[in-house]
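The values are calculated or read from the model by the stated rules, or taken from the named source; none is laboratory data. Everything numeric in this text was worked out from a predicted model, so none of it was measured. Here the Cβ is made from the backbone with ideal geometry for all residues, glycine too, and neighbour counts use every protein chain on show.
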Amino acid sequence: MFYKYCAISLLALSVSACATTTETITTQTAQSAFRTPVDGKTDAGFVVGPLTRSFSNHNAEGDGYANTIGPLIEGGFGAAAGILPTTTVLAQPDSGSISYDANFIVRALVGIGETDGQVHAFSVGQNGQIELTADFGANTLTGSADQFSVDGVLDENGTGMSGTVRWTDQTGALIGQVGSDEVIGAFQGHSDTTVFTGGFIGTAQPTP
């Protein structure tokens, strides 16, 4: 499901969200990065202010991810993502493949720009389901669904993962953990006019 959940209007180099808060923005710069979550949130030193949106998703065991998106301290907009330090998955098999039923979340600021001296952006999001397949011989994690796709590379040793995601027309960086029981991913990306962040959690499907 793709939806717009709040419009952001930056008038006279200030930003207001749903007509509730106002915050000074000095540039229209967009950037993103990975951060290690602390207390379930990504580094607040990266993105701050009343318009900042932080969210996390985890299971009962504490395996999951955290994200932040909003105004940057130095001006402009940014997005951060990270895997929760409590995340652990079971060891990977040496060969074969596993499919995972996963839920993903994307949050973004799009249309970042300036018109007649007024900076503007729009806040949008997407929640969805995706089937991911880990091929332990090829060391890949792949899947696609509804404008969102995953192209992951499994570490040759351990359970780590890196790679990329594609959301609409945007490409972002991916990190995560892939095990025989579950898959956890966190991602972030940016272009001149967009910043986005999100993650996914999936459980292994029973072997037929």
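Some points to look at:
- Count of residues meeting criterion [buried (at least 22 other Cβ atoms within 10 Å of the Cβ) and more than 28 Å from T52 (Cβ to Cβ)] in the range 155-178: 1
- Lone qualifier among D94, D101 - being over 21 Å from the mean Cα position of the chain (by Cα) and at pLDDT 90 or above: D94
- Of the candidates S191, S162, S149, the single residue that is touching a strand residue (DSSP E or B) at 6+ places or on another chain (Cβ under 7 Å) and either touching a residue at least 24 places away in the same chain (Cβ under 8 Å) or among the hydrophobic types (A, V, I, L, M, F, W, C) (or both) is S191.
- One residue stands out in the range 110-163 among those that are charged (D, E, K, R) and under 21 Å from G199 (Cβ atoms): the one that is modelled with the lowest pLDDT, namely D146.
- Matching residues, the range 117-136, being touching a strand residue (DSSP E or B) at 6+ places or on another chain (Cβ under 8 Å) and part of a loop (DSSP other than H, G, I, E, B): F136
- Within the range 65-89, being small (G, A, S) and surrounded by fewer than 22 Cβ atoms within 10 Å (Cβ to Cβ) holds for G75, G76.
- Some residue of the range 188-207 being modelled with pLDDT of 95 or more, surrounded by fewer than 18 Cβ atoms within 10 Å (Cβ to Cβ), among the acidic types (D, E) and over 12 Å from the mean Cα position of the chain (by Cα): no
- Any chance Q92 is surrounded by 14 or more Cβ atoms within 10 Å (Cβ to Cβ) and assigned to a loop (DSSP other than H, G, I, E, B): yes
- Qualifying residues in the range 113-135 (those that are surrounded by 19 or more Cβ atoms within 10 Å (Cβ to Cβ) and of a type in the set (S, T, N, Q)) - the one nearest to G179 (Cα to Cα): Q126
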